[in-house]
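Before any comments, here is the structure.
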Number of protein chains: 4
Amino acid sequence: MAPTTRQPAEHPDPPSAGAPPVPLAPLVRGKGRPRSAAADQAILDATREALAELGWGGLTMGDVAQRAGVAKTTLYRRWPSKSELVVDAIASLFDQLECADLGSLRADIEAVVARFAELLTLPETQAALLALFAEGSRDPQLRRRIRERIVQPQKVLVELGRANAQARGEMDPDRDPAAAAEEVGIIFDTIAGTVEHRLLVSGEPVTADWIRRFTTLLLGPFPGPER
Amino acid sequence: MAPTTRQPAEHPDPPSAGAPPVPLAPLVRGKGRPRSAAADQAILDATREALAELGWGGLTMGDVAQRAGVAKTTLYRRWPSKSELVVDAIASLFDQLECADLGSLRADIEAVVARFAELLTLPETQAALLALFAEGSRDPQLRRRIRERIVQPQKVLVELGRANAQARGEMDPDRDPAAAAEEVGIIFDTIAGTVEHRLLVSGEPVTADWIRRFTTLLLGPFPGPER
Amino acid sequence: MAPTTRQPAEHPDPPSAGAPPVPLAPLVRGKGRPRSAAADQAILDATREALAELGWGGLTMGDVAQRAGVAKTTLYRRWPSKSELVVDAIASLFDQLECADLGSLRADIEAVVARFAELLTLPETQAALLALFAEGSRDPQLRRRIRERIVQPQKVLVELGRANAQARGEMDPDRDPAAAAEEVGIIFDTIAGTVEHRLLVSGEPVTADWIRRFTTLLLGPFPGPER
Amino acid sequence: MAPTTRQPAEHPDPPSAGAPPVPLAPLVRGKGRPRSAAADQAILDATREALAELGWGGLTMGDVAQRAGVAKTTLYRRWPSKSELVVDAIASLFDQLECADLGSLRADIEAVVARFAELLTLPETQAALLALFAEGSRDPQLRRRIRERIVQPQKVLVELGRANAQARGEMDPDRDPAAAAEEVGIIFDTIAGTVEHRLLVSGEPVTADWIRRFTTLLLGPFPGPER
DNA sequence: ACCTAAACGAGACGGTACGTCGAGTCTTCAA
DNA sequence: TTGAAGACTCGACGTACCGTCTCGTTTAGGT
C-alpha cells in the first residue's frame with residue numbers, strides 16, 4: 001500500500017480497515033493544486049535513509065524534510081507524527097515479504113525465517129523496529145497502525161505456510177478455527193520474537209545453521225522427513 | 001548489583017567485567033563528601049515510578065530528579081544518560097528472578113516463563129524494555145550494559161534449568177560445551193523473544209494455557225512425561 | 001532605531017552604520033512568515049519592566065520571555081544575548097533626548113544635564129547602564145552597539161548645543177574640525193561621566209543647585225552673562 | 001587594609017566603620033588552627049589575575065579557588081560573595097594612590113588624573129570597576145563597602161590636594177565646611193566620572209595633552225599661572 | 001608530647017539559569 | 001489548494017556556577 005493513496009482528507013485512515021492499495025480514482029477530485037506523488041516517495045526514501053544513518057533517536061522531521069527537498073508542512077500534511085511516518089517507511093519493506101511454496105513445511109519455514117532475518121539486518125529496520133514497538137506500547141492508534149502495516153503482513157505468511165502444508169498433506173486440516181488461530185499466534189510470536197531477540201537483543205547473527213536448528217525446534221510435533 | 005557500588009570514578013564501570021555486587025570495603029575511600037546512598041535508591045525508585053506513569057517517552061530527567069527530591073546534577077553525576085539510568089532501574093527488577101528446582105523440566109520452564117511474563121506485565125517494564133533495546137542497537141556501551149544487567153540474569157536461568165534437568169537425568173549431560181552454549185542461546189532467545197513479542201507487540205496476554213502450549217513447543221525433543 | 005527594522009538576516013546589524021529608523025519598504029520581502037513586530041515591542045517593554053523590578057543581575061531571558069508572552073526561542077532569534085537585548089531596550093529611552101534651543105548656552109547645558117539626570121533616575125536605566133558599560137569593556141561588538149545606540153545620541157546633543165551657541169555668537173565658530181571634535185569629546189565625557197558618577201557611584205542626587213554649580217564649572221572659559 | 005585583618009568572626013566587617021588597617025592584636029585569640037595569611041594573599045592575587053584574563057563575567061569562584069590552590073570553602077569562609085571578594089582585590093590597587101605635593105594645584109591635579117587613568121588601564125580594573133558599581137546599585141551593603149574601600153581613598157586625594165592648595169595660598173581657606181564638602185564632591189565626581197567615561201565608555205586614551213585640557217576645564221575659576 | 005578545636009582540601013549536594021534543539025503549528029507569498 | 005519558507009510556542013536537554021554541606025586530614029595553640 002502506497003501512502004499516496006491517502007488523498008483527500010487531512011489525516012485519513014481513521015476508520016480505514018483494510019486500506020485499499022490502489023488510488024482507485026481521484027475520488028474527491030480536489031479543487032486546488034493536487035498533491036505531489038513524487039513528494040511522498042521522496043519523503044519515505046529520505047526517512048529510510050535518515051533512519052539508517054542516524055537511527056531512531058537521531059531522526060528529525062526537519063532533517064527528513066530537507067533530505068526530501070520538501071517543507072516540513074508538506075510532511076505534516078501527510079503524516080500526523082514522526083512515528084506514523086516511520087511506520088509507513090518501514091512497512092514498505094515488509095510489503096515485499098512473500099511465501100513461495102517450496103515443497104515442504106521445513107523449507108517454507110526456513111525461507112521465511114531467513115527472509116525475516118534479512119530484513120532485520122537492514123540498518124533502517126534495526127534502528128526503527130523496536131523503537132516503533134516501544135512507542136506503540138503507549139499509543140493505541142499507533143499500535144493499530146503498526147499491527148496493520150507491519151505485524152499483519154508477517155503473520156499472513158505463517159497462515160499461508162500452514163495452508164500450504166495442509167494442502168500438501170503435511171498437516172491435518174484445521175477443525176476448530178479458533179484453536180487454529182491461536183496456534184498460528186504461538187508460532188508467529190515465536191518466529192518473529194525469537195529472530196528479533198537474537199538479532200537485536202542478543203546481537204548474534206542468524207546463520208543458516210542457526211535457522212536449521214531453530215526450525216527443528218519449531219517443527220517439534222511435525223518433524224517431517226529429515227533433510 | 002546495586003548502583004551504589006560505583007564509588008570512585010565519575011562514570012565508572014570502565015573495565016568492570018563482573019562488577020562485584022558488594023562494596024566489600026571502603027576500597028578507595030574518596031576524599032570529598034561521599035555520595036549519598038539514599039539518593040541512589042530514591043532516584044531508582046522515582047525512575048520506576050515515573051516510567052510506570054509516563055512511559056519511556058514521557059520520562060524526563062528533570063521529572064525524575066524532582067520526584068526523587070534530588071537535583072538534576074546529582075542524577076547526571078551518577079548516570080550519563082536517561083538510558084543508563086533506566087537500565088539500572090529496570091535491572092533491579094530482573095535481579096529478583098530465580099529458578100527454583102520444581103522437580104521437572106516442564107515445571108521449571110513453565111515457572112520461568114510465567115515469572116518472566118509477570119515482569120513484563122509491570123507498567124514500568126513494559127514502558128522501558130523495548131525502548132532500551134532500541135536505544136541499545138545504536139550505542140554499544142549501552143548495549144553491553146543492558147546485556148550485563150538485564151539479559152544475562154535471564155539467560156542464567158536457562159542454564160540453571162538445564163543443569164537441573166541434567167542432574168535429574170532428564171537430559172543427557174553436555175559433551176561439547178560450545179554446542180551446549182549455542183543450544184542455550186537458542187532456547188533463551190526463543191523464550192525471551194516469544195514472550196516479549198506476544199505481550200508487547202501482539203499485545204495478547206500470557207495465560208497458563210498459553211504457557212503450557214508454548215512449553216510443549218519448546219520441549220519438542222524432550223517432551224518428558226505428559227502431565 | 002527600532003529593532004523591528006532588522007528584517008532579513010539572523011542577527012543582522014553587520015555593516016549597519018546609520019541604520020535607518022524606518023522600514024522604508026518591504027525591501028527584501030522574506031519568504032517565510034514575517035517576524036512579529038508586536039513581539040519586538042512586547043519584549044522590549046518586558047525587558048524594561050523586568051530591569052526596573054529585578055535589576056541587571058536578576059534579569060533572566062526566560063523571565064523576559066514569559067513577561068512578553070513569547071517563547072525563549074523567539075527572543076534568541078532576535079537578540080544574541082542578554083546584553084544586546086538590554087542595549088536596545090535602554091536605547092529607546094535615550095532616543096527621546098532632545099536639545100531645544102533655549103536661547104543661551106548655559107540654559108541649554110542645564111537642560112541637557114537635567115534631562116540626562118532624569119533618565120539616570122529611572123530604575124531600569126540605573127540597573128542597566130553601568131552593567132552594559134561593564135560588559136562592553138570585554139566585548140567589542142557589544143561596545144560598538146552601545147556606542148551607536150546609547151552614547152552617540154547623547155553626544156549629538158553636545159554637538160548640537162555647540163552649534164547653537166555658535167549660531168547665537170556665544171562661541172567662535174570652529175576653525176580646526178579635529179580640535180573641535182576633541183573639545184566636544186572632553187565636554188561630553190565630562191557631562192556624561194560626572195552625572196553618572198554622582199548618581200550611580202556617589203549615590204547623591206542631582207538637584208537644580210548642583211546642576212547650576214556644575215554648569216558653571218563647565219562654562220569656565222565662556223561664563224557668559226551671569227544669571 | 002589587608003583582608004587578613006578579619007580574623008575571628010565568620011563574615012566580619014558588619015559594623016566596621018573605619019576598618020583599622022592593622023590586625024592590632026590577636027583580638028579574640030581563637031582556639032583552633034589560625035587562618036592562613038598566605039591563602040588570603042594567594043586568593044586576592046588569583047582574583048586579580050583571573051579578572052584580567054576572563055573579565056568580571058568570566059570570573060568564577062571555583063576558578064579563583066583553583067588558581068589560588070585553595071578550596072572553595074576557604075574562599076567563602078573569608079568573603080561572603082564574589083562581589084565582596086573583588087572589591088577587596090581591586091581595593092588594594094587603589095590603596096596605592098597618593099597625592100604628592102608637587103608645588104602647584106595644576107600639577108597636583110594632573111598627577112592625580114594621570115595616576116587614576118593609569119589604574120583604569122589595568123585590565124583587572126577595567127573588567128571589575130564598572131561591574132562593581134553596577135552590582136552596588138542594588139546591594140546597599142556592597143555599595144557601602146565599595147565606597148569605603150574604593151571611592152573614599154580617591155576622594156581623599158581631592159581633599160588633600162585642596163588642603164595643599166590652600167596651604168600654598170592658591171585657594172581661599174574654607175569658610176563653610178558644608179559648602180566645601182559639596183564643592184569637593186563636584187570636583188571629585190567630575191574627575192572620577194570623566195576619566196572613567198573616557199576610558200571605559202568612550203574608549204579613548206587619556207594622553208598627557210588630554211589631561212592638560214581637562215585640567216584647564218577644572219581650573220576654570222582658579223586658572224593659576226599658565227604653564 | 002598530647003589534646004583539641006578550628007581551618008583546610010576535596011568534592012557531593014540542591015538550586016537556578018543558561019543557550020540549544022526538536023516537535024508540531026501557524027502565517028506569509030508564489031505557483 | 002498545495003507547497004516552500006520560516007517564525008512561532010512549548011518543553012526538555014545537558015552544562016555551568018552558585019553557595020552550602022559533609023567528609024577526613026592538617027596544624028597550631030594550650031596544657
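The values are calculated or read from the model by the stated rules, or taken from the named source; none is laboratory data. Computed from a prediction, not measured in an experiment: that's the story for all the values here. Glycine also receives a Cβ, built like all others from the backbone with ideal geometry; neighbour counts cover every protein chain displayed. Heads up: the accessible areas ignore ligands, DNA and RNA and are worked out on the full protein's heavy atoms, side chains in. Shrake-Rupley method; radii C 1.70, N 1.55, O 1.52, S 1.80 Å.
Taking only the alpha carbons of the range A:92-218, what extent do you get along each of the three principal axes, in Å, biggest first?
41, 34, 23
Return the distance in nm (one decimal) between the two label points of a simple spin-label model at B:GLN96 and B:SER36, each offset 7 Å from Cα along Cα→Cβ.
2.6 nm
Taking the mean number of other Cβ atoms within 10 Å as a proxy for protection, how do you rank C:92-101, C:44-53 from highest to lowest?
Numbers: C:92-101: 14.4, C:44-53: 20.3.
Those peptides, ordered most packed to least, come out C:44-53, C:92-101.
Extending each Cα 7 Å along its Cβ direction at D:LEU54 and A:LEU160, get the distance between those two points in nm, one decimal.
6.7 nm
Over the range D:20-178, how many percent of alpha carbon pairs lie in each 5 Å bin up to the one with the longest distance?
Reading the bins upward from 0: 2, 8, 15, 16, 16, 14, 11, 8, 5, 3, 1, 0.
With solvent modelled as a 1.4 Å probe, how much accessible area in total do chains B and A shield from it at their shared surface, in Å² to the nearest 100?
So the total buried area for this chain pair works out to about 3400 Å².
Please work out how much accessible surface B:TYR76 shows to a 1.4 Å probe, ignoring ligands, DNA and RNA, in Å² rounded to 10.
100 Å²
For the range A:55-125 and the range A:148-172, what is the centre-to-centre distance using only Cα atoms, to the nearest Å?
Measuring centre to centre over Cα atoms gives 21 Å.
What does the charge count around A:LYS82 come to, taking other residues whose C-beta lies under 12 Å from its C-beta (Lys +1, Arg +1, Asp -1, Glu -1)?
Charge balance near A:LYS82 sits at -4.
Testing the spin-label approximation: label points 7 Å from Cα along Cα→Cβ at A:ASP45 and B:GLU204. State their distance in nm.
Here the answer is 3.9 nm between the modelled labels.
Could you work out the mean count of beta carbons from other protein chains within 10 Å of each residue's beta carbon in B:137-147?
Mean partner-chain Cβ count within 10 Å for B:137-147: 3.
If you count, for every residue in D:210-217, the Cβ atoms of partner chains within 10 Å of its Cβ, what is the mean?
3
How many Cβ atoms of partner chains, on average, are near each residue of C:121-131 if near means within 10 Å of its Cβ?
Counting Cβ atoms of other protein chains within 10 Å of each residue's Cβ and averaging gives 3.
Could you compute how much accessible surface A:LYS155 exposes when probed at 1.4 Å, giving the result in Å² to the nearest 10?
40 Å²
Say the cut-off is 30 Å between C-alpha atoms; which of C:LYS31/C:LYS72; A:LYS82/C:LYS72; B:LYS31/B:LYS155; A:LYS72/B:LYS72; D:LYS82/D:LYS155; B:LYS82/D:LYS82 go over it?
Checking Cα-Cα distances, B:LYS31/B:LYS155; A:LYS72/B:LYS72; B:LYS82/D:LYS82 exceed 30 Å.
Quick one: what do you get for the range B:33-78 if you divide its Cα Rg by 2.2 N^0.38 Å? Don't skip to the end; give the middle numbers.
Details: Rg = 10.3 Å, N = 46, 2.2 N^0.38 = 9.4 Å.
The value comes to 1.09.
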